[in-house]
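The values are calculated or read from the model by the stated rules, or taken from the named source; none is laboratory data. Since this is a predicted model, take the numbers as computed values, not measurements. Please note: Cβ atoms are built from the backbone with ideal geometry, for glycine as well, and neighbour counts cover all protein chains shown. When the accessible area is computed, the model is the full protein with side chains, heavy atoms only, and any ligands, DNA or RNA have been set aside. Shrake-Rupley method; radii C 1.70, N 1.55, O 1.52, S 1.80 Å.
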Amino acid sequence: MTNNEFWSSVSAIISNGFNNEDLVKLENYAEQFINRQLLFERYTQGEQYGCAEGGRLHVIVTILAGAETPADKLTAPRGSFKRECQRAEAQAAVLESWAKAAGCWVDDIDVAFEKSFGKQLAEGGEAHVYDNGTTIVKRIGLDYYILPELALDRITLHNTLFPETKLVVLGLGRTSDGNFQIIVQQTFIHGTSLTDEEICNYVESLGFKLINPRNWTYATSSIYLSDMHNENLIKSPGGNVFVIDCDVRINTPELKCNGTRQLTNHVRFIESAFENP
């Protein structure tokens, strides 16, 4: 299957409204993605593994968000913020339609979660956090990212860099105010906060360079990493560092942090998962 044939197939699935046959087809594509028979060139091989670590649902919504938005959905001028918002609305509508068909959609998610989990443990700029015993459950909004596609990148990249605190996608929903959110689960970590110096030493040991200490931003030419402050990192009693939250993105030149990567949703298929791509 070629790249064009694959995306034509995904577009047809979206247009069909996610019937049972098409849901099975998406499951098969996810299986090929996880087994690396379908290579998604937006990501490195390691990042594709990180995406798979987010679970089968995460892989499927990543594929769906990568489909081209029909031209009639994008009426605002190219390059405008309004056009970006139109893309975001179109992506969210596709993901909502799929999640309802697949049975992993939650209406009025803020109300539903309070009934299921009680009061939230914490609230940040993008996430609301709930106690679920040995794990925590988060509902992640799009305030930082606008596009669902970029919020899904964030999960993929987090799992790639910080697998000990990987995020697994459980479903999707909207709040009672209509805000689109992604539901994830994460291991609960006990520990203490780090000092700014400890954080800087840790992040630089991963190969990142400090770009802006005022908003705790680091970068490589490939990855933009921000929000690395002491509420988002924990040191275990054994001295291990765990990143529980961060703002992480593919570092493109548009972010103005010396990034060199270009975004592409090109795919290619290989005959064997053990073939060298």
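Counting the residues of segment 107-152 that are open to solvent by 40 Å² or more (accessible area, probe 1.4 Å), more than 16 Å from Leu167 (Cα to Cα) and touching a helix residue (DSSP H, G or I) at 6+ places or on another chain (Cβ under 7 Å) gives 1.
Taking residues in segment 176-200 that are within 27 Å of Leu147 (Cβ to Cβ) and in a loop (DSSP other than H, G, I, E, B), and partners anywhere that are open to solvent by 70 Å² or more (accessible area, probe 1.4 Å) and at pLDDT below 90, the pairs with Cβ atoms closer than 9 Å and at least 6 places apart or on different chains are Asn179/Asp143.
Taking segment 157-179, which residues are open to solvent by less than 10 Å² (accessible area, probe 1.4 Å) and closer than 17 Å to Leu206 by Cα? Result: Leu157, His158, Asn159, Phe162, Thr165. Taking the criterion of being surrounded by 18 or more Cβ atoms within 10 Å (Cβ to Cβ) and touching a residue at least 24 places away in the same chain (Cβ under 8 Å), the residues of segment 15-36 that qualify are Phe18, Leu26, Tyr29, Ala30, Gln32, Phe33, Ile34, Arg36.
Of the residues making up segment 194-241, those that are open to solvent by 40 Å² or more (accessible area, probe 1.4 Å) and over 27 Å from Thr260 (Cα atoms) are Thr195, Asp196, Glu197, Glu198, Asn230, Glu231, Lys235, Pro237, Gly238, Gly239, Asn240.
The set of residues from segment 49-75 being free of Cβ contacts under 8 Å to residues at least 60 places away in the same chain and either polar (S, T, N, Q) or buried (at least 19 other Cβ atoms within 10 Å of the Cβ) (or both) comprises Ala52, Val59, Ile60, Ile63, Leu64, Thr69, Thr75.
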